[in-house]
Structure formats: structure tokens, C-alpha cells
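Everything below concerns the one structure shown next.
A short reminder: the numbers here are calculations on the coordinates, not readings from a lab. In this text, all values refer to a predicted model and were calculated from it rather than measured experimentally. Here the Cβ is made from the backbone with ideal geometry for all residues, glycine too, and neighbour counts use every protein chain on show.
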């Protein structure tokens, strides 16, 4: 039995996708870790999934799990996808439309077992993912959230060594997304092996992952804990992610506060830890105390200014450091310089709050 | 939706209109035309007759439609706009006469006898009519429903042979083609067919005592669209000029 | 739109009404049980079903290769397979004769070696019919295979399914509607086949005379039989087409 710390997924490879685009990554996902591969669309994330799953042979490098080589062109080793014990939850779920929910979940279980046995094991997983009541339905009849659970059950049922989730939440609407994020969070930690989530949404990465790799244009540009990426972005894209203003806070007696500073939100949130997201575009900057409706308003200083053509980005200091985006014209009009004192105003309705466990 | 409907309607009107114009157009051209339906066994003969007649009568277009006599007869009964019918036997012509579809008196312009045809080289080693009973050979006949087939069966009956037939071809030309290709070892066709094949099939004579002859009548049809020209054509066929070509192709003269 | 559709429909319905008008209803039982008719029916049913089965067995792999495997000359191969759809059936029959006839390219050595002869035999009818009907199977299925979302096959592989299992449990079921359509079209073409059959296999009652051949021959001399057989073919075809359409063309 290979020791836990050795049963990591190591993916160090290059694969050419077109005349001009090569994916060149170096990833390691430890046993018991959830790692996110975070990047914009077109960065090469799907290629990484396909390569690890065995659907896309790599050009050079290697992919291994716990020392077992899956793909190594130099050594002439290639394990076809059906042999790799990798569970994949696909974007768009890819549930087989002609099979019922229970048969979908049982799909990977039929080798070496009879139908009844496979269905019974599948039924057990359906219960764990709370979709047992849907067993006889067809994928076409399921809602997004239900389909996501079935897809997860289907992947988990085969007890794979590694779990790959390709944009697990992007096909869902906003409310379902929150609910499924919670579900994933639970099941991911229960699953023993390495977990790799591919996503373009920083909230998903932040809430679900222990570590993040940032991928842009086929290469890893930064890796680290969610906080590291958030607070010390190394690239423009990472900085844009930082512009999403993600802050950990807590709720006590219905009052949300971040680092002791109260924040007014438009939702009812249960007590506990939360993640707040404040879009940079929702932070308005004033040269004097603003009146009007915004519930969140305080005085702060301008720490940094970034000029990005017609837009400008402004970083404020305490009590709650924020990135704000304004037009270059507005900046000039207001005569704002680094070090100046400004007032920020944020509408409570613009702030999103997620329970964070 | 409205635009799609309008375009569809326009398109279909255009199609219908052009069809009408096309058919009208051909009516205009029938001033110098004669449409002849002739039995399949007359193929080579009538092709030559058509060329000869047209060269002697410039401006007239003779169009010949070949086929099994019963099929041609049936087309005429169903109203096909044919001017002249040349049948491979009297019976099919009679059928039209009974229905008052024939203009004047049908005239016999040629007669024919039957002959055994074998592929060149006679691979089946056929010597006579009795070989039609040989199971080991691939035997072909015209279908009983066409004159050639009916007559062939008369010959076989006359000779007391139970034929082991492998295929009843729809018309004599189809039969001839298969013999030519060597796919059939023997068949019964007209003497004239063997002659016309110019060596690609060989003929073996059928003894006169069992052989049958068929007569070819020709007539102008009563509903002929071009009756004047049709009369001219038929007169020419039965004239000395026509008779010369008939003899050239191996038919006997009446 | 409705008027045009009605006109189009009339094109299909009028000949049927014309046919019904000529049926000798009183003599029908006797005609239907005559040897000519029962022989032709037996041959047509056996041949059309056999041709459909062979078209499945050979056509599915052909469709799969054309849809999924990239090889040099693939367009040409696709064209060749489609050829019988475009060629006049008689030309197809003649080509078969040149290849598989007694003096044919392959037929001659085959005959010399084994005494096996396809023309003028029922198997010859099967071959000719399969030749003209199989392209329907291939074309219908190839389109479906090409348009199918291949990611489903990837998903199946990730769940441990071997290539054969993927084909059996995912690919085939997902193209099932097209497969059924292919079977129906293939059978229909096989059932109505005339030109290639008469040219390649000849015409002999009880051995090679299928229903279409029997109609053609009977039309010239025995109108009653011809109409009877035509009616029979229309009824059989309608039953098959309507039954299959309703039951199997439901999308999954």
C-alpha cells in the first residue's frame, strides 16, 4: 500500500493544441488536497483535464499518480482512459441521455458485476448525493443542480484514485451554484484522493480549494494559497481576480463584519464564517462624504492607482482595503492622486455573501 | 413567415409555368414528326429505316420507341400519343384493332423465324433444341408474355423438349445481351437478332419442321397526332425501298 | 403553404387511388393465393429481410470507419459507397454482372474453383438488392455518427468502458433513431428493387422473380395479377412504414 503522501497526482507535461498554442504545465495535487486550476477561457484548462483523463495524449513530460505512470511519451507509456482510475465530472455533465439516472450512476460499475449488484451500489451513491428519488428519471428531466449531483455520483461510484472536476458550476444558475458549491465542498473533503477543480470563477477556487494554480495562455503563472493569490497577484489576470474584492468575514447575531468592520448586506446570512465578494465596479469613489442610499460608506486613503487606458483602478487603504474601478475621465475630474483622502460607497445589494466552511 | 410563403409560391408558379411552356413548345414542333412504337426485335431494322427515311425526307423527324410488343400495346391503349405501331406478332396488333385504335388495315411488312443463339465460341457445346432440357446449362428464354417467348415455347413444344429455364428475360434484347456476355449458354431469339449481332453471338439453326414464324404488321393508329406524315412513313416501309432494307437485315418478305 | 402541401400530398395519394380503382375485388382471394403471387411474395420478403440484415452487418462498420477514421482517400471511399444511390439500378446490375457474373472479374475464377454461381439464383437477388440498398444504411448512419457529440464517448471511457463497450452502450444507443431510419429506408429500397435484380439475377418464378419483377411481367398480359401484386406491395409497405414510424421513431 503506497503511503498517503506518495499518492499524489503529478502532471508535468506539454501538449501542442495548434500551430501557435502549446500548453506547458507543472502541477502537483497531493493526496487529500483540493487544488484549483484557475484561468480565463482559452487558457488551456480543458486540455489539462483531457490530458490527465487520458483523452489527449501529451507530447512530452509525464503524468503519474502515486508513482504509477499514466502517460510518458519518452518511455513509450500511455494508459488509455478506461484504464486510468480517474473520475471526471464534466462541464455540461454529459449524462447519457438514453439511460436513467440510476443506470448513469451504475455505468462504470458493470464490469465484473451483474446488473443488480451494480444498481445496488449505484443506489447507495444516489442516496449519498440525495438523488435517490430521481433514480428512474432521464437526464433530460433533471434540473441543473440535480444533474450535477448525478454526475458527481457517477464519478464517485467508481471509487477512482483522483477526482477531476471541469468547470463544475458554470452550467448552473446563481442560486443553484451556491447550493452545489456547498455540496461539493462536503463531498470533496470526504473523497480521500487528490482533487483537481478546473474553473474560471475565483469564488469557486477560493471556497473549494486549498491551493490554486493560475493558468494563462497555456502556462502556470502563479501558484499558492488562495490568500497568496488574492493579496499578492503576479499577473494582470490575477490582479483582476483580486479586483473581485474577496474578503473573509464573520457573521454574529446577523451582523456581517470584516476584520471588525461592519458591512451592510442585502441578504440574510446565518452566523458563522462568510466570504464576501464586492465587484470593483460597484465601489464608487467620492471626494466628500456621500449622501444617498448606499449603506456602506467610509473614509479612506488612496494607496495605489493603475491606469488602464479608458479605465483606472484604484486601491484603497483601511478599514477595509478595496479595489475600485472608475473611468479615467472621472479620475481626472475628481483630481484624485495617490495619498488623497476619498470616501467609498458600496450599495448593500452589490455585495454577495457566501457561507464559508 | 409571410416572406417564405411568398417565395415558395413564386417558385412553384415558376416551375409550373415552365412545365406548361415546355409541353406547349413540343406541340409546336410536331409538325414534322412521326412517333413510332416498334417491337424490340426490330431495333436494328428500324434504326436504319429511320435514317434512310429522314435522309430522303428532310425536315421530318422519325422518333422510334422500342420495347416488348405487349408493353407498347399497353401504352397505346392507355393513350400514349403514338403515330405508328409495328408489332412482333399479329395478336398484339389485333388487340388494338378490336379497340378501334387502328386507322386503316394493318399491313404485314416482314416475317421472321427463330434461331438458337449461343455465346461466341459455343462454350456450352450446344448442338440443337434438345439442349434446352439440359439442367447443367444456363438456359434463357424471353418471358412467355412477349411474342419471342411465346413462339420459343411453341418451338420447344413442337420438338417435345421440357426446358430447364434459368431466366425469363423481359425482352429479346435483354436475352441477347446476356448470351453475348456469356452469362447464359443458350437462348431462342429471332434469326434477325443473330444476324444483327455481327458475330458476338453465334446462331444454330432450328429444324424447319419444329420452327415457327412470326409476322410483323405495321399500322397507323386512329388517334395519330401526325396522321399524314404517318401514312407517308408506312407507305414507304411497305414500298420497295423499305423492302430492300427489310431483306438486308435478314427478315423475310411477306 | 397549406395549398402547396396539399398539392404535393395529392401527387402521392392520386396514384394509390387510381390503383384502388382497378382492383378486381371479387377475384382477389383467388389471385392472392395463385402460385405466381405467393412465390414472388416469398422471394421478396426473404430477399428484402436478408438484404437489410447484411446491410446492417456490413453497413454499420463502414459507416463507423467513414465517420470516425481519417484515412487517405476517405472522400473517394464515401463517394463510391454512395454511387449505387445515384446510378440507374440497371447500370448497377450490369456492373455486378461484369464483376460477379459467370464471365465476371471475380465471378469467373469463383465459378471455376467452386462452381458457385450468383446470377439466376436467389442469392443473386440478395446480392443485387443489397448492392442498391446498403448505401441508404451507410449514409443515414454516417451522418448521425459524425454529428454525435464525441464527448459522451470520452465520458464513457473515463468511467472505465473499453472501446467496444463504448460503442455498444453509448454510441449505438445515441444514434439509435438514425439506425432505425436506416433500417427502414434500406428495407424499403430492397423491397421495391427491380432494375439491378432483373439485370443481374434474371427472372424466374420461384427462384428470382420478386414482386416488382412479377408486376412488370404481368402488366403486359395479365392486368388483374399486376394490380393485385401492386396492391399487396402497397399494403405491406404501408404497414411496415407506419408501424415502425410510430413505435420506434420516438426520440429518447
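Structure above, values below:
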| quantity | calculated |
| --- | --- |
| Scaled radius of gyration (Cα, divided by 2.2 N^0.38 Å) that chain A gives | 1.12 |
| Cα-based shape type of the range B:119-184, given that a ≥ b ≥ c are square roots of the gyration tensor eigenvalues and the cut on a/c is 1.5 | oblate |
| Using alpha-carbon coordinates, inclination of helix B:2-29 to the longest axis of chain B, degrees | 60 |
| Cα-projected label distance for residue B:7 with residue A:293, points at 7 Å along beta-carbon direction, nm | 4.8 |
| 0 to 90° range, to nearest 10: angle between helix A:174-190 axis and chain A longest Cα axis | 60 |
| Residue A:141-residue A:234 FRET efficiency (beta carbon distance; Förster radius 41 Å; 0.05 resolution) | 0.35 |
| Packing-based ranking, highest mean first, of A:145-152, A:168-175 given that Cβ atoms within 10 Å are counted | A:145-152, A:168-175 |
| Peptides ranked, highest mean first, by Cβ atoms within 10 Å: ranges B:233-243, B:137-147 | B:137-147, B:233-243 |
| Gaussian network model of chain C, Cα within-10 Å springs - most flexible of C:198, C:166, C:47 | C:166 |
| Where labels lie 7 Å past Cα in the beta-carbon direction, separation of residue B:105 and residue A:174 in nm | 10.4 |
| Label-point separation, residue C:224 to residue C:147 (7 Å along Cα→Cβ), nm | 5.0 |
| Length gained when the stretch residue B:120-residue B:154 is fully extended (0.36 nm per residue, less Cα-Cα span) | 9.7 nm |
| 18 Å cut-off, amide nitrogen to a point 7 angstrom out along residue B:90 Cα→Cβ, residues in the range B:216-254 | B:216-220, B:252-254 |
| Principal-axis tilt of helix A:144-157 within chain A, Cα atoms, nearest 10 degrees | 50 |
| Exercise: per-residue mean of other protein chain Cβ atoms within 10 Å, C:159-171 | 5 |
| Tensor-based shape of the range B:161-219 (alpha-carbon gyration tensor, a/c under 1.5 rounded, otherwise prolate or oblate) | rounded |
| Cβ-derived FRET efficiency at R0 60 Å, residue C:70 paired with residue B:80, nearest 0.05 | 0.65 |
| The protein assembly as shown shape via C-alpha gyration tensor axes, a/c threshold 1.5 | prolate |
| Calculated FRET efficiency for the pair residue A:311/residue C:168, C-beta based, R₀ 56 Å, to 0.05 | 0.50 |
| For chain C, built as a Gaussian network whose Cα springs stay under 10 Å, the top-fluctuating residue of C:112, C:193, C:35 | C:112 |
| Within a Gaussian network of chain C (alpha carbon springs, distance under 10 Å), most fluctuating of C:38, C:129, C:52 | C:38 |
